[in-house]
Amino acid sequence: MRLSHRLAAAAALLLPCLGAASAAEAAGFASAEFGGELGNVVATNPTALYYNPGAIGFSEGTHLYLDGVLALRNGTFTHAPAATDVPEPPGAEGANSGRAHFFNVFGAPMAGATTRLGALALGAAFSVPFGGNIHWDGNSRFAGDPRFPLAADGPQRWTVIEGQLSSLYFTLGAAYRLGRLSVGVSGNVVRSSIRQTQAKNPTGLGDPDVSNEGRDIPVKQKAEGEPEDRYVISLVQIRKVHEFVLHHSDGNVLIFHNCDTKFARLVSVRYPRNGKPTFISDVAFAENDFQKQLAFWFERMPGR
């Protein structure tokens with residue numbers, strides 16, 4: 001038995017300086033990186049299952065192969081305020097401008113085995129030839145801010161907050177040796193996934209607008225009542241923090257309240273059905289309506 005073991009370390013340094021018209025996007029390995037000098041179309045080791053399955057017909061005995069690519073990625077994003085930007089509301093200055101940074105470490109493994117039985121060679125492998133991830137540091141200035149909590153994801157959040165892409169290859173292959181010729185075939189089951197989180201406004205666009213900012217996030221929701229008098233409560237999770245969002249229709253206006261798990265109101269918003277949402281500055285009105293919506297759900301709690 002022969003054991004081929006190789007650990008490839010690759011460091012990628014990305015230092016873009018991006019302006020108002022530039023994009024900060026997620027990226028990973030653009031092509032297969034495993035194997036290095038040992039992985040190519042004439043190699044007879046288990047990487048041949050990906051590059052050229054016929055080549056395992058020239059192998060001898062049994063081979064076990066383990067390989068990994070380690071990537072270190074560093075980058076910055078800088079946006080200076082522009083005249084075309086949506087004005088930031090009081091207290092949100094700097095939410096959409098300034099410098100953002102990321103430093104990420106990730107890797108891609110490859111493991112395979114081949115064995116030669118006379119003229120027949122068989123092999124199996126697992127590899128991640130395409131993949132990568134990115135996660136940007138947050139803006140600590142807005143961490144825990146009750147008015148603009150989403151700005152804590154940094155000024156680049158309108159393009160990307162975090163993302164991941166990967167293609168996992170599960171491979172079986174065989175080759176038959178005919179003298180100086182080897183004929184091989186391989187089959188792959190490929191599981192590909194892509195995920196990206198970025199800031200959006202209610203129209204679904206990514207135009208920076210702190211007053212109309214949201215996320216596509218998991219929500220558990222319950223609703224009761226008629227369409228014209230409907231109460232809705234949602235349990236949401238943002239950055240691993242659970243919060244509630246309650247809303248109810250007041251004529252053609254929806255009144256939203258965001259509260260923590262202790263039912264302390266954080267912020268309230270008025271959202272006309274045919275208009276734009278605005279923060280409710282009337283504290284007395286917001287608190288009274290919040291207590292009204294909260295009482296609606298407390299009355300329907302089991303055991304009360």
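Bear in mind that the values in this text are calculations on the coordinates, not laboratory data. Since the structure is predicted, the reported quantities are computational estimates derived from the model, not experimental observations. Glycine also receives a Cβ, built like all others from the backbone with ideal geometry; neighbour counts cover every protein chain displayed.
Computed from backbone phi, the HN-Hα couplings of the range 275-285 come to x, 10, x, 9, 5, 8, 8, 6, 4, 4, 5 Hz, rounded to whole numbers (Karplus: 6.51 cos²θ - 1.76 cosθ + 1.60, θ = phi - 60°; Gly and Pro given as x).
The simple Förster model, with R0 at 41 Å and r as the Cβ-Cβ distance, assigns A124 and E243 a FRET efficiency of 0.30. Site pair L72 and L172 shows an inter-label distance of 4.1 nm when each label is modelled 7 Å from Cα along Cα→Cβ. Between amide H atoms placed 1.01 Å from N, distances below 5 Å from Q198 occur with I161, D216, all of them 5 or more places distant or on a separate chain. The H on the amide N of R230, modeled in the peptide plane, is under 5 Å from the matching H of S249, each at least 5 residues off or on a different chain.
The charge dipole of the range 218-298, taken about its Cα centre with unit charges on the Cβ of Lys, Arg, Asp and Glu (plus for the first two, minus for the last two), comes to roughly 420 debye. The H on the amide N of I280, modeled in the peptide plane, is under 5 Å from the matching H of S268, V269, R270, each at least 5 residues off or on a different chain.
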